[in-house]
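These notes are about the structure you will find just below.
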Amino acid sequence: MALKLYGLPMSSYTTRVMTCLHEKAVDFEFVPVNLFTCEHKEPPFLAKNPFGLIPVLEDGDLTLFESRAINSYVAHKYKDSGTDLLRLSDIKEAAAVGVWMEVESQQFNPAITPIIYEFFVAPISGKTPDQAIIDASAEKLGKVLDIYEARLSSTKYLAGDSYTLADLHHLPYTFYLMKTPWASLIESRPHVKAWWEDISSRPAFKKVAEGMKFGEE
Ligand code: GS8
């Protein structure tokens, strides 16, 4: 039975999982969830994710939520097909994948999320973007990216010389950042810029990026 992914093609967290499934060449059924009618807050969806958030992945009788955890499951289950996203054959490299996945979740994501929210989501919700929040987040993100710049001057990808889940997890939010004036945070750092151009041009992500349009879902 094919995997079922519940989500939306413009949602960053959904596209993170779609990109991983494409890298692994895994077939899946996509089930759109209507956030505008709050389908995700109704009992049938809450039975899949009690937090009422997309995405959710179903694999037979297994139901998972949290995009990063879903991707770890997919990468382990299909470790022998498609791109090797975990580097399990080298314990040190695999550990570095774990480190940089945590960095994305604990450092990068908290800094970038408010910029994306204020720039894209606030106006759709009828709110005025809060420039003070954007400025503080841009400063925080710049400091995180200084560390990435240093790291990527000695390795091609975050965990070493191979593209892994650690890089993949950065794609959706960075894709949206590049459509804002704060793209300069990436463009002004040569190693980060080269890394971004490399990872965002992978076919698995390009396929997903076509559906990443705010306000058109
Ligand atoms: C976040 C899921 C989330 O916020 C993950 O899966 O990684 N840590 C979780 N999903 C958002 C859509 S993301 O673009 C969501 O479901 N929002 C609906 C809401 O807040 O009601």
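Note on the stretch 70-136 and the stretch 184-214: Cα centroid distance 13 Å, given to the nearest whole angstrom. Any lysines with Cα under 17 Å of the Lys48 Cα? List them, leaving off those in the same chain fewer than 8 positions away. Candidates past the 8-residue exclusion: Lys4. Based on the alpha-carbon gyration tensor of the stretch 103-144 and its eigenvalue square roots a ≥ b ≥ c, which shape applies: rounded if a/c is under 1.5, prolate if not and a/b is larger than b/c, or oblate? Oblate, since a/c reaches 1.5 and b/c is not below a/b. Out of all DSSP beta bridges with both ends in the stretch 1-78, state the antiparallel percent to the nearest 5. In the stretch 1-78, DSSP labels about 60 percent of beta bridges as antiparallel. Considering only the other residues whose Cβ falls under 14 Å of the Cβ of Ile133, what net charge follows from Lys and Arg at +1 and Asp and Glu at -1? Once positives and negatives cancel, what remains is -2. A straight chain from Thr37 to Ser105 at 0.36 nm per residue would run longer than the Cα-Cα distance by 21.6 nm. The region of the chain that goes longest without hitting one of the chymotrypsin sites (Phe, Trp or Tyr not before Pro) in a DSSP loop, each with at most 13 other Cβ atoms within 10 Å, is 52-217.
Only the coordinates and a few stated rules stand behind these numbers; no lab work does. As the structure is a prediction and not an experimental result, all values here were calculated from the model. Because the Cβ atoms are built from the backbone with ideal geometry, glycine has one as well, and the counts that use them run over all protein chains shown.
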